[in-house]
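Take a look at the structure below.
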Amino acid sequence: MDKVNIDNITFNIVLERTETENAKSQISIKGTQINTVISGAVLEDCFQHGAYYLIIVSHDCPFEEGLDIYLYDSDNNIVDKLVVLWVYSTGVYKFITIDDNQALYFQFFNNRIYKLNIISRGQFGIPYFVEAFGVWRKLKLKKYLKLKKVKREDIAKLDLDGATQDISMI
């Protein structure tokens, strides 16, 4: 998995956030327009994993921040989507690292560290029963994104190289 240079991405809000709806945006990666409108107001990160693009956007809502994580295939179709959100909770996204197994680590919700894996061929999974705290997805039996909270005892094993702050608070 490789981080996509922000200079290769165009992110435009096409509908501003209202009291009842999140902002809607369109994205172009390396000059290719993705022809879907996605929920989100701020592009946080973008990664390429083989033929897939992983796009992470936030809602820009200071009192109830959320992340929408989209996985696009080579035909620019949304293959999977996760929403990381908890009512009346706020979070700040922070990229930490990508490990040797191509798993993405990031911080959100009060410095919680999450591990995100892309499952190239998909995997059977029942939503709501196997997801991490605050993770929501549409009812689909096949998932391509697997997100879990990293346990305290496993945080010390990560090679963080000072990439994150206040790790002792977790």
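Note that the stretch 117-122 has calculated 3J(HN,Hα) couplings of 10, 9, 9, 4, 9, x Hz, one per residue in order, obtained from phi through the Karplus relation 6.51 cos²θ - 1.76 cosθ + 1.60 (θ = phi - 60°); glycine and proline are x. For the chain, the orientation-averaged shadow of the C-alpha convex hull comes to 10.2 nm² (one quarter of the hull surface). Per-residue Karplus couplings for the stretch 77-92, computed as 6.51 cos²θ - 1.76 cosθ + 1.60 with θ equal to phi - 60°, are listed in order as 9, 6, 8, 8, 8, 10, 10, 9, 7, 9, 4, 6, 10, 10, x, 10 Hz, Gly and Pro entered as x.
Students often get this wrong, so check it: of Lys3/Lys148; Lys115/Lys142; Lys30/Lys140; Lys30/Lys157; Lys24/Lys157, which have C-alpha atoms separated by over 28 Å?
Working: Lys3/Lys148 20 Å; Lys115/Lys142 19 Å; Lys30/Lys140 30 Å; Lys30/Lys157 35 Å; Lys24/Lys157 38 Å.
Pairs exceeding the cut-off: Lys30/Lys140; Lys30/Lys157; Lys24/Lys157.
Taking other Cβ within 10 Å of each residue's Cβ, how do Thr18, Thr36 sort, fewest first?
On the way: Thr18 8, Thr36 13.
Lowest to highest Cβ neighbour count: Thr18, Thr36.
Calculated mean residue ellipticity at 222 nm for the chain: -500 deg cm²/dmol, from DSSP H runs with n ≥ 4 weighted as -39500 (n - 2.57), summed, divided by the residue count and rounded to 500. Summary: within the chain, the longest segment free of GluC sites (Glu not before Pro) located in DSSP loops with at most 12 other C-beta atoms within 10 Å is 22-170.
Normalised by the number of residues in the chain, what is the relative contact order in percent for Cα pairs under 8 Å and 6+ residues apart? Don't skip to the end; give the middle numbers.
Working: 352 pairs, mean separation 23.5, N = 170.
Reported relative contact order: 14 percent.
Every read-out reported here was derived from the displayed coordinates using simple, explicitly stated rules and does not represent laboratory data. The structure displayed is predicted, hence computed values, not measured ones. A quick note on method: Cβ atoms are made from the backbone with ideal geometry, for glycine too, and the neighbour counts reach across all protein chains shown.
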